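Provided herewith is a single structure, encoded as structure tokens, for subsequent inquiry.
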Amino acid sequence: MSARPEVPVSHASSRRTGLGRPVRRIPNRSGTVGRMRFDPYTAGTPWYQDVLALAGHLAHGPLDRAICQLVEVRVSQITGCAFCLGLHSDWARKTGVDQAKLDTLAGWRDAPGFDERECAALSLAEAMTRIGDGERVDEVIWHAAREQFNDEELAALLFLVGLINVWNRINVAVELPSDHQLPK
């Protein structure tokens, strides 16, 4: 197995995850802004439709729409998916999430206005998103989620977090432009 080349972190090309850790950013290799590397949504139509079907089931599930959007925006902040940030921030506002809440979402632990259910959902979403960083969902986070959500809601939340991570990771990998129009 060959080692992956180390990409230097420069002040101009790095960003922070929200925990103060730098994220290594590889420059857009296509050399153009707004063009994605590959279109998995057209090339992988059957799989795209399957993922859309899960999204449709979750949209009609037991979770409060505002909590869903807060979770999707927060996960997109962590993964750096500009497309999903724009999409879910818009949807959050349409769902009735106050702009002030969206403005402070990255620092929700220290911001007023987040209720216990939102805090439990955001903690679980962050922990699940960072599993790839060698972290696990610790017992305190899991216990808070179990206290706030019934079994059906918790199952929906777990699938929601998993799904937004799928979308984010595909979109970041192919450099999906933030203004891209996905096929229906």
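State the extension gain, in nm to one decimal, for the chain segment bounded by Ala111 and Asp98, taking 0.36 nm per residue of separation less the distance between their alpha-carbons. Don't skip to the end; give the middle numbers.
Numbers: separation 13, 0.36 × 13 = 4.68 nm, distance 1.33 nm.
That pair, Ala111 and Asp98, stretches by 3.4 nm at full extension.
Kindly write out, for the stretch 150-160 in residue order, the coupling ³J(HN,Hα) from the Karplus curve 6.51 cos²θ - 1.76 cosθ + 1.60 (θ = phi - 60°), rounded to whole Hz, with x marking Gly and Pro.
Taking θ as phi minus 60°, the curve returns 6, 4, 5, 5, 5, 4, 4, 5, 4, 5, 4 Hz for the stretch 150-160.
Please compute the net charge surrounding Phe83, taking Lys and Arg as +1 and Asp and Glu as -1 over other residues with Cβ under 10 Å from its Cβ.
-2
Going 7 Å from the Cα of Arg37 along its beta-carbon direction, which residues of the stretch 46-85 have the amide nitrogen within less than 18 Å of the resulting point?
Zone members listed by number: 79-84.
Related question: What list of ³J(HN,Hα) values in whole Hz, one per residue of the stretch 175-184 in order, does the Karplus curve 6.51 cos²θ - 1.76 cosθ + 1.60 (θ = phi - 60°) give from phi, with Gly and Pro shown as x?
Here the 3J(HN,Hα) series is 6, 4, x, 5, 9, 5, 9, 6, x, 7 Hz.
Counting only other residues whose beta carbon sits under 10 Å from that of Ile164, what net charge do I get with K and R as +1, D and E as -1? Present the calculation step by step, with values, prior to reporting the outcome.
Working: positive: Arg74, Arg169; negative: Glu72.
Here the count lands on +1.
Taking θ as phi - 60°, what are the ³J(HN,Hα) couplings along the stretch 76-86 by the Karplus curve (6.51, -1.76, 1.60), each to the nearest whole Hz, with x for Gly and Pro?
5, 5, 5, 7, x, 8, 4, 4, 5, 4, x
Read the figures in this text as sums done on the coordinates, not as results from a lab. Everything quoted here is computed from the prediction, not taken from an experiment. As a convention, Cβ positions derive from the backbone with ideal geometry for all residues, glycine included, and neighbour counts pool all protein chains shown.
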